[in-house]
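Single-structure report; data block below.
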Amino acid sequence: MEFPITGVVVDPILLAGIGFLVGIMGGFFGVGGGFIAGPMMFWLGVPMNFVVGTDLAHMTGKSIVAARRHRTLGHVDVKLGVLMIFGTVVGVELGARLIEALETAGHVDSIIGITYIVILLLISGFTAWESIHALQMIRTDRVDVKDAVGFQGIAKKLHRVRIPPMISLPVSGIASISIWVVIGVGLLTGFLAGFLGVGGGFIRMPLLIYVMGIPTHIAVGTDLFEIIFSAGYGTITHALKGNVDVMMALLMHTGAALGAQIGATMTRFFAGPRIRLFFSALPLLGAIMVMLRLLGLTAV
């Protein structure tokens with residue numbers, strides 16, 4: 001099927017299948033799935049600027065479905081998600097403007113592709129190491145909790161930062177934390193959303209856990225809630241810049257809506273460390289797909 005806006009020919013069933021796969025992973029891991037859907041679209045031959053805008057568009061609808069399901073499970077800290085939006089909106093606009101500058105300079109594909117690879121490999125390696133360590137702690141009876149975390153040094157230090165105003169996040173079990181830590185996490189992940197064409201979830205979820213000390217299941221649901229706004233704003237700003245193929249996004253959302261419901265329900269049956277261990281394989285897969293495209297090994 002030819003998509004006139006992007007000027008490429010892609011099998012619509014394949015696009016719906018990508019949406020379904022990303023929907024399951026997004027609902028389960030609390031991410032928008034852009035770090036998988038983006039590389040897949042890039043690998044299929046979609047120009048990177050359209051990958052960014054179109055992926056954000058499909059991600060918005062899918063995250064609404066998954067976040068609603070997590071809300072019913074009690075996995076969404078609405079207060080935390082709303083506060084993060086202030087930093088996210090600014091970050092998304094900065095990222096979108098940078099990608100426009102790179103497109104004008106003619107270096108958008110290579111720079112974004114290399115950035116993808118480096119960030120995804122770092123996240124994959126660290127999350128795998130930490131989750132394995134947490135599982136070992138549980139097996140040796142050093143901890144006996146469903147959401148053991150093998151690395152808490154940064155979170156403990158940031159909880160001691162007393163830059164006002166200080167806020168409490170009772171749903172997440174945090175008695176006191178500086179609001180600037182929350183906004184800072186939103187700013188960083190918002191920038192990545194606008195620059196890499198993701199909801200920011202593939203880095204927000206680890207940051208919520210390791211930097212802020214949020215329990216994994218709450219991080220999953222809250223991340224999806226926040227992605228609705230970051231991806232939604234990103235979709236608008238990229239649409240105004242001509243980077244969104246609406247038909248392609250709708251086809252992907254068709255599969256994603258069903259997959260998101262399945263993935264969100266699955267989180268009830270897994271402990272936090274095991275969810276994070278499974279998660280660590282996804283950034284690695286995304287990095288491999290970007291490498292293949294940069295090496296000229298595409299599906300078309």
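Values in this text are rule-based calculations from the coordinates and carry no lab data. Values in this document were obtained by computation on a predicted structure and should not be read as measured data. All Cβ positions, even for glycine, are placed from backbone atoms using ideal geometry, and neighbour counts span all protein chains on display.
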For segment 111-128, what does the Karplus curve 6.51 cos²θ - 1.76 cosθ + 1.60, with θ = phi - 60°, yield as ³J(HN,Hα) per residue in whole Hz, taken in order and with x for Gly and Pro?
-> 5, 5, x, 5, 4, 3, 4, 4, 5, 5, 5, 5, 5, 4, x, 5, 5, 4
Residue 2 and residue 133 label points (each 7 Å along its Cα→Cβ direction) are spaced in nm at 5.5
Give me the angle, in degrees from 0 to 90, between the Cα long axis of helix 12-29 and the longest principal axis of the Cα atoms of the chain, rounded to the nearest 10.
-> 10
Rel. contact order, % - alpha carbon contacts under 8 angstrom, at least six apart, the chain = 43
On a 0 to 90° scale, report how tilted helix 201-210 is relative to the longest principal axis of the chain, with both axes built from alpha carbons and the result rounded to the nearest 10.
-> 10
Point-charge dipole on Cβ atoms (K/R +1, D/E -1) for the chain, about Cα centre, debye to 20 | 1000
With -39,500 (n - 2.57) per DSSP H segment of 4 or more residues and division by the full residue count of the chain, the 222 nm estimate, nearest 500 deg cm²/dmol, is -24500 deg cm²/dmol
Determine the distance separating the Cα centre of segment 48-78 from the Cα centre of segment 204-270; give it in Å without decimals.
-> 3
Would you mind estimating how fast segment 1-109 diffuses translationally, via Stokes-Einstein at 37 °C and 0.692 mPa s with the Kirkwood radius over Cα pairs, in µm²/s?
-> 211
Mind listing the long-range amide H neighbours of residue 174? Cut-off is under 5 Å, sequence gap 5 or more, other chains count too, H placed in the peptide plane at 1.01 Å from N.
-> 169
Arrange the following residues from fewest to most other Cβ atoms within 10 Å of their Cβ: 103, 130, 2.
-> 2, 103, 130
Mind checking which of 42, 121, 81 is farthest towards the positive end of segment 37-144's charge dipole, using Cβ charges of +1 (Lys, Arg) and -1 (Asp, Glu) about the Cα centre?
-> 81
In Hz, Karplus ³J(HN,Hα) per residue of segment 186-194 (6.51, -1.76, 1.60; θ = phi - 60°; x = Gly, Pro) = x, 5, 5, 6, x, 4, 5, 4, x
